[in-house]
Amino acid sequence: MTRRGVVGLAFLLLTGVAHAAPVPTPPLMTLQDKPIGVLLLGFHGGKDWQAALAAMTKAFTPQFPLAFAGDSADVKTIQDAVDRLQGARIKKLVVVPLYASSHSPLMEQTRYLFGIRPDPAPEFFTAAHRPSGYAMVRRVVFRGKLPVVLTQAPDDDPLVVDVLTSRALKLSKHPEDEALVLVGLAPAAAPLDETVLGQGSRPKPPTAEDEYRQLLSSLAERVRARGAFKSAQAAVLQPDAMHQSDRERHDAALRSLVRGLSRSARVLVVPYAVTGGEAAPVITRALQGTFMRFNDQGLLPDERMVRWVADAIRRGAALPDMRVYKDAGRPLPGTVKPMSIKLSGSHP
């Protein structure tokens, strides 16, 4: 295959590899005898998500095949998409996660599925996840030695800062008198079943929520500076927490923060989420009874996020193979045998 500039993407909704008509766009990357395939990971559903995928299809041209897996932690769905891409005779796979953050059990589980980390994410061994988690401990199987690269999620990329700033400014009248609250949906805080994990009483490392809070705080400050707001705070909700008391504690903390800020400033609330439909209902429910202005849009759809995908592909194509644990999908070795665990009834 001769050197050529890759100037586009194609989009697949799990039914095959699609190619779009060419449109004028800047080149993404240059390939040398190594045709790549791209796999986007995300979530099905919602008009914002569908609009974003349609925009990506329209914006890019088909210099390489691209597939979409819409059940991001489901190995069967991902396997189907990978099989189709390999059927297109790709020589390298670039996986791009359209998750809000790289700091999550979902991202760690994705690394496991693609052979980048040795073990599944600890949270997928907890009682809360056993019905689904134990069905997901088999890796994606590849034909031959296909190089695989997993890019970072959008995280605090400058384009993400641009999108969030524009969302906040849509609510704004006088930024110098306004307080921004950036709200994200945090992952489960920590693994609960140390006995399953063999951790015992060893000190726990920073949780996924700890890392997520740090990311959110950094983003909030960068948006404050970009938009010249009076102040900025980060807050997290945890709608997937196992215990209702944990969910309510996060909700109450957000309400208290907004009420305190509203005594001296006009409060603007912006979600940090891939789509507004994912986060808006959770945030608005938690904010009942407060005075603030809320933008219910997520990162998608937005043309700047299409540019982010293009940048991620370009960076990923230049990286070496990340697939280290090539166990052909064998179950994780250990004393706990996933298929032998009784999934009905109560968990220990």
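The values are calculated or read from the model by the stated rules, or taken from the named source; none is laboratory data. Since the model is a prediction, treat every value here as computed from it, not as a measurement. Heads up, the Cβs are rebuilt from the backbone with ideal geometry, glycines too, and the neighbour counts pull from every protein chain shown.
Listing for the model above:
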quantity: All positions within segment 103-128 that are at pLDDT 90 or above and among the hydroxyl-bearing types (Ser, Thr, Tyr); calculated: THR110, TYR112
quantity: Those residues of segment 228-237 which are in a loop (DSSP other than H, G, I, E, B) and either within 16 Å of VAL181 (Cβ to Cβ) or among the acidic types (Asp, Glu) (or both), in sequence order; calculated: PHE229, LYS230
quantity: Filter pass, SER218 being within 12 Å of LEU164 (Cβ to Cβ), in the same structural domain as LEU185 (by TED's automatic domain parsing), surrounded by fewer than 19 Cβ atoms within 10 Å (Cβ to Cβ) and in contact (Cβ under 8 Å) with a residue 24 or more places away in the chain; calculated: yes
quantity: VAL270 out of contact with any His (no Cβ under 8 Å at 6 or more places or on another chain), within 28 Å of GLY42 (Cα to Cα) and modelled with pLDDT under 95; calculated: no
quantity: Filtered residue count, segment 264-278, keeping only those that are under 16 Å from PRO175 (Cα atoms) and surrounded by fewer than 21 Cβ atoms within 10 Å (Cβ to Cβ); calculated: 3
quantity: Residue selected from segment 137-171 under the condition touching a Gly at 6+ places or on another chain (Cβ under 7 Å) and hydroxyl-bearing (Ser, Thr, Tyr), by the criterion farthest from LEU40 (Cα to Cα); calculated: THR165
quantity: Candidate set: segment 50-62, residues that are out of contact with any Phe, Trp or Tyr (no Cβ under 7 Å at 6 or more places or on another chain) and surrounded by 21 or more Cβ atoms within 10 Å (Cβ to Cβ); chosen: the one modelled with the highest pLDDT; calculated: ALA52
quantity: Residue in segment 240-251 that is among the aliphatic types (A, V, I, L, M), under 25 Å from PHE68 (Cβ atoms) and surrounded by fewer than 20 Cβ atoms within 10 Å (Cβ to Cβ) present; calculated: no
quantity: Which numbered condition ALA280 fails, given (1) part of a helix (DSSP H, G or I); (2) touching a residue at least 60 places away in the same chain (Cβ under 8 Å); (3) under 25 Å from VAL96 (Cβ atoms); calculated: (2)
quantity: Inter-residue pairs, beta-carbon under 8 Å, first more than 19 Å from PRO105 (Cα to Cα) and in segment 232-243, second β-branched (Val, Ile, Thr) and not in a strand (DSSP E or B), 6+ apart; calculated: ALA232/VAL223
quantity: Count of segment 72-107 residues which are in a strand (DSSP E or B) and surrounded by fewer than 21 Cβ atoms within 10 Å (Cβ to Cβ); calculated: 1
quantity: Hits in segment 254-269 - residues which are within 30 Å of the chain's Cα centre (by Cα) and assigned to a strand (DSSP E or B); calculated: VAL267, LEU268, VAL269
